[in-house]
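S.K.: There's a structure below that I have some questions on.
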Amino acid sequence: MSKNQFVIGVDYGSDSVRSVIVNAANGEEIASSVFEYPRWRDGLFCEPAANQFRQHPQDYIDGLETTIKDCIAQAGGAEIAALVKGISVDTTGSTPVAVDNTGTPLALTAEFANNPNAMFVLWKDHTSVKEAAEINAHAALFETNYLQYVGGIYSSEWFWAKLLHVLRVDESVRNAAASWVEHCDWIPFLLTGGADVKAIKRGRCSAGHKALWAEEFGGLPPDDFFASLDPLLKGFTAKLYQDTYTADQAAGTLSAEWAQRLGLPADVVVGTGAFDAHMGAVGGQIEPYHLSKVMGTSTCDILVAPTANMQDKLVRGICGQVNGSVIPGMVGLEAGQSAFGDTYAWFKKIISWPVNTLLSQSKLIDAATAQALKAELSDLIIPELSRQAALLPIDEANELAIDWFNGRRTPDANQELKGAITGLGLGSDAPRVFRALAEATCFGAKSIVDRFISEGIPVKGIIGIGGVAKKSPFVMQMMADVLGMPIRIHQFKHTCALGAAMFAAVVAGIYPTVEEAMAAMGRGFDEEYLPNANLKEVYARRYNQYKTLGDFVAGQVVKHTAELQNI
């Protein structure tokens with residue numbers, strides 16, 4: 001292949017979107033750009049206390065245009081732009097939105113511009129816990145197990161629970177919605193100039209892992225399954241789709257409008273979208289039976305297995321197993337933790353409260369100095385906590401935590417569960433509590449590995465990608481010690497975006513398969529954390545304490561829920 005071919009990977013995260021221009025010959029990053037969602041940053045349309053997290057589509061559009069144009073400018077302008085051959089996109093998920101007949105999110109219309117129910121329902125929005133519970137109970141009434149390919153439990157983080165919740169609480173959105181669309185499917189539709197909701201190419205990844213689509217069902221579950229759950233869903237499957245597309249297939253080419261807006265050729269091929277962790281696993285050079293852990297605000301853990309090895313094998317309590325959701329010809333299995341980096345961010349926010357709240361009232365320093373001091377301290381807190389926590393002895397009497405601060409994703413999804421910290425005393429300072437929280441996230445990771453192994457899926461190694469993997473040696477070493485397994489850290493900083501770029505190279509025809517793109521464009525690993533054998537026994541005992549405490553917390557939540565239902 002010619003070295004003068006470039007591809008663009010676009011990675012939509014929870015807080016920002018990142019675009020990269022990559023040399024398709026070798027995976028070298030030519031330019032990258034990040035755009036923070038301004039409405040999200042300002043807390044608009046969200047109610048954290050009610051677990052409501054919504055994002056406005058205009059943030060996504062502005063970020064898409066800004067980052068790609070910035071990358072092109074950094075790379076050299078029109079000369080480089082002329083050599084771009086493909087674009088592929090990954091997003092968080094399940095993050096769906098109600099759209100009209102043209103495929104336009106309702107929030108982009110004047111009537112719904114400020115209505116949170118007309119916006120994208122972010123993956124970590126848990127307003128639909130009740131609906132998820134109803135889906136689980138309802139599915140048990142059917143001879144066919146429509147939850148069998150999503151681990152047997154439906155989550156409030158997923159498509160149908162969110163859709164049903166919004167239909168119930170907002171009649172205006174219900175009446176205006178011609179369909180619902182995942183974020184990862186809508187961006188390619190936008191870029192290709194789509195104007196008919198029925199023409200949206202739905203990704204296999206999002207449909208299989210979050211919306212109950214399965215090859216074995218011939219598509220989505222039948223209308224009767226949904227209509228008997230709630231009459232509001234009657235006929236809704238007809239508004240959705242039957243066919244799905246793997247991410248190595250094209251969604252189309254850039255529309256004339258978007259080619260002009262971005263300064264790119266109109267023949268740039270746009271790939272079918274997928275979720276961030278699934279493309280990130282490819283960017284991180286996933287191997288069969290190696291668990292790829294995308295570690296950011298949450299974790300999304302991806303494992304691939306040859307399709308022939310997965311015949312009639314179902315894994316309980318994970319986030320789905322879908323043929324072709326990661327690499328065509330392999331089954332993609334997804335698990336994860338609902339709060340990972342978010343757990344550390346929560347604790348940082350707690351201990352930063354006096355500085356963030358009171359420093360601006362200081363009579364000793366001016367406002368500009370106060371603001372600069374806040375920013376400086378914010379950057380120092382987690383690194384210093386990590387340094388101090390690493391010096392502490394590991395003992396069974398240490399503080400102990402449960403990592404369900406945003407519910408539990410895997411194993412056995414339950415978004416009603418809560419985090420906990422126990423063993424606190426007057427000697428429990430910030431580093432000791434931080435260490436307990438870090439341990440909890442590592443124990444949560446071990447519970448996922450243990451579930452795969454207990455279900456007959458071997459885990460041969462761990463690949464770490466994402467912000468926490470790159471920035472926190474303390475957490476990564478602890479995880480290797482807890483798991484008793486080496487962890488390789490992929491050297492590419494923006495691994496999800498690199499994975500999207502690899503798919504862009506395939507849809508553009510530069511490489512015939514995902515595996516060949518991964519081999520040519522993979523950047524390798526720059527760090528490996530090896531487990532300390534001397535810590536094996538103490539961490540085994542600590543892990544048993546974690547499981548015992550987790551059982552107690554779960555039991556208390558169940559008891560409390562039952563009491564509320566009886567009131």
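The values are calculated or read from the model by the stated rules, or taken from the named source; none is laboratory data. It should be emphasised that the depicted structure is a prediction, and the values quoted were computed from it without experimental measurement. FYI the Cβ positions are ideal-geometry reconstructions off the backbone, even for glycines, and counts take in every protein chain you see.
S.K.: Of the conditions (1) surrounded by fewer than 22 Cβ atoms within 10 Å (Cβ to Cβ); (2) within 16 Å of ALA247 (Cβ to Cβ), MET330 satisfies every one except a single condition; which number is it?
M.R.: So the condition that MET330 fails would be (1).
S.K.: What about GLU215, is it exposed (fewer than 15 other Cβ atoms within 10 Å of the Cβ), in the same structural domain as ASP59 (by TED's automatic domain parsing), of a type outside the set (Lys, Arg) and free of Cβ contacts under 8 Å to residues at least 24 places away in the same chain? Full working, then the answer.
M.R.: Numbers: exposed (fewer than 15 other Cβ atoms within 10 Å of the Cβ): yes; in the same structural domain as ASP59 (by TED's automatic domain parsing): yes; of a type outside the set (Lys, Arg): yes; free of Cβ contacts under 8 Å to residues at least 24 places away in the same chain: no.
No; evaluated as a whole, the condition is false for this residue.
S.K.: If you go through the stretch 228-270 one residue at a time, how many are in contact (Cβ under 8 Å) with a residue 40 or more places away in the chain, closer than 20 Å to VAL331 by Cα and not aromatic (Phe, Trp, Tyr)?
M.R.: To start, the set of residues in the stretch 228-270 that are in contact (Cβ under 8 Å) with a residue 40 or more places away in the chain comprises 228-230, 232-233, 236, 239-241, 243-258, 261-265, 268-270.
Now drop any that are not closer than 20 Å to VAL331 by Cα, which leaves 243-249.
Okay, now just the ones that are also not aromatic (Phe, Trp, Tyr), so 243-244, 246-249.
Total meeting the criteria: 6.
S.K.: Any idea which of (1) at pLDDT 95 or above; (2) more than 20 Å from ASN101 (Cβ to Cβ); (3) surrounded by fewer than 20 Cβ atoms within 10 Å (Cβ to Cβ) is the one LYS162 doesn't satisfy?
M.R.: (3)
S.K.: Let me ask you something else. Any idea which of ARG409, ARG435 is closer than 24 Å to LEU380 by Cα, in contact (Cβ under 8 Å) with a residue 24 or more places away in the chain and of a type outside the set (S, T, N, Q)? Before you say what the answer is, go through the steps one by one.
M.R.: Values: ARG409 fails: closer than 24 Å to LEU380 by Cα.
Result of the check over ARG409, ARG435: ARG435.
S.K.: If you don't mind, another one. Can you tell me which residue is farthest from CYS184 (Cα to Cα) among those in the stretch 16-45 that are in contact with a strand residue (DSSP E or B) (Cβ under 6 Å, 6 or more places away or on another chain), in contact (Cβ under 8 Å) with a residue 40 or more places away in the chain and outside any strand (DSSP E or B)?
M.R.: Residue satisfying both the conditions and the ranking: ALA24.
S.K.: Go through the stretch 333-349 and count every residue that is under 17 Å from GLU416 (Cβ atoms) and without any contact (Cβ under 8 Å) to a residue 12 or more places away in the chain.
M.R.: 0
S.K.: So in the stretch 238-262, with the set limited to residues that are of a type in the set (Val, Ile, Thr) and within 25 Å of the chain's Cα centre (by Cα), which one is farthest from GLU515 (Cα to Cα)? Break it down stepwise before answering.
M.R.: Of the residues in the stretch 238-262, the ones of a type in the set (Val, Ile, Thr) are 244, 246, 253.
Going one step further and asking which of them are within 25 Å of the chain's Cα centre (by Cα), we end up with 244, 246.
Values: THR244: 21, THR246: 14 Å.
That would be THR244.
S.K.: Test of understanding: among VAL507, VAL538, which residue is modelled with pLDDT of 95 or more and crowded, with 21+ Cβ neighbours inside 10 Å? First the steps, then the outcome.
M.R.: Working: VAL538 fails: crowded, with 21+ Cβ neighbours inside 10 Å.
Sole residue among the options that is modelled with pLDDT of 95 or more and crowded, with 21+ Cβ neighbours inside 10 Å: VAL507.
S.K.: While we're here: Given the conditions (1) without any contact (Cβ under 8 Å) to a residue 40 or more places away in the chain; (2) under 17 Å from ASP276 (Cα atoms); (3) aliphatic (A, V, I, L, M), which single one is not true for LEU359?
M.R.: (2)
S.K.: What is the one condition in (1) surrounded by 22 or more Cβ atoms within 10 Å (Cβ to Cβ); (2) of a type outside the set (Val, Ile, Thr); (3) farther than 22 Å from ARG435 by Cβ that GLY466 does not satisfy?
M.R.: Going through (1) surrounded by 22 or more Cβ atoms within 10 Å (Cβ to Cβ); (2) of a type outside the set (Val, Ile, Thr); (3) farther than 22 Å from ARG435 by Cβ one by one, GLY466 breaks only (3).
S.K.: At pLDDT 95 or above, of a type outside the set (S, T, N, Q), assigned to a loop (DSSP other than H, G, I, E, B) and at negative phi - does that describe any residue in the stretch 59-78?
M.R.: Within the stretch 59-78, not a single residue is at pLDDT 95 or above, of a type outside the set (S, T, N, Q), assigned to a loop (DSSP other than H, G, I, E, B) and at negative phi.
S.K.: Further question: Pairs, please: C-beta under 6 Å, at least 6 apart or cross-chain, first residue within 25 Å of GLY444 (Cβ to Cβ) and in the stretch 482-507, second assigned to a loop (DSSP other than H, G, I, E, B) and modelled with pLDDT of 95 or more?
M.R.: Close Cβ pairs satisfying both conditions: GLY484/PRO531; PRO486/LEU530; HIS490/GLY284; THR495/GLY284.
S.K.: Shifting gears a bit: Among the numbered conditions (1) surrounded by fewer than 24 Cβ atoms within 10 Å (Cβ to Cβ); (2) touching a Gly at 6+ places or on another chain (Cβ under 9 Å); (3) closer than 26 Å to ASP90 by Cα, tell me where GLU455 comes up short.
M.R.: (3)
S.K.: Scan the stretch 396-404 and tell me whether some residue there is touching a residue at least 24 places away in the same chain (Cβ under 8 Å), buried (at least 24 other Cβ atoms within 10 Å of the Cβ) and within 19 Å of the chain's Cα centre (by Cα). If you could, list the steps in order and put the result at the bottom.
M.R.: At the first step, the residues of the stretch 396-404 found to be touching a residue at least 24 places away in the same chain (Cβ under 8 Å) are 396-404.
Keeping just the survivors that are buried (at least 24 other Cβ atoms within 10 Å of the Cβ) gives 401-404.
From what's left, within 19 Å of the chain's Cα centre (by Cα): 403-404.
Checked the stretch 396-404: at least one residue is touching a residue at least 24 places away in the same chain (Cβ under 8 Å), buried (at least 24 other Cβ atoms within 10 Å of the Cβ) and within 19 Å of the chain's Cα centre (by Cα).
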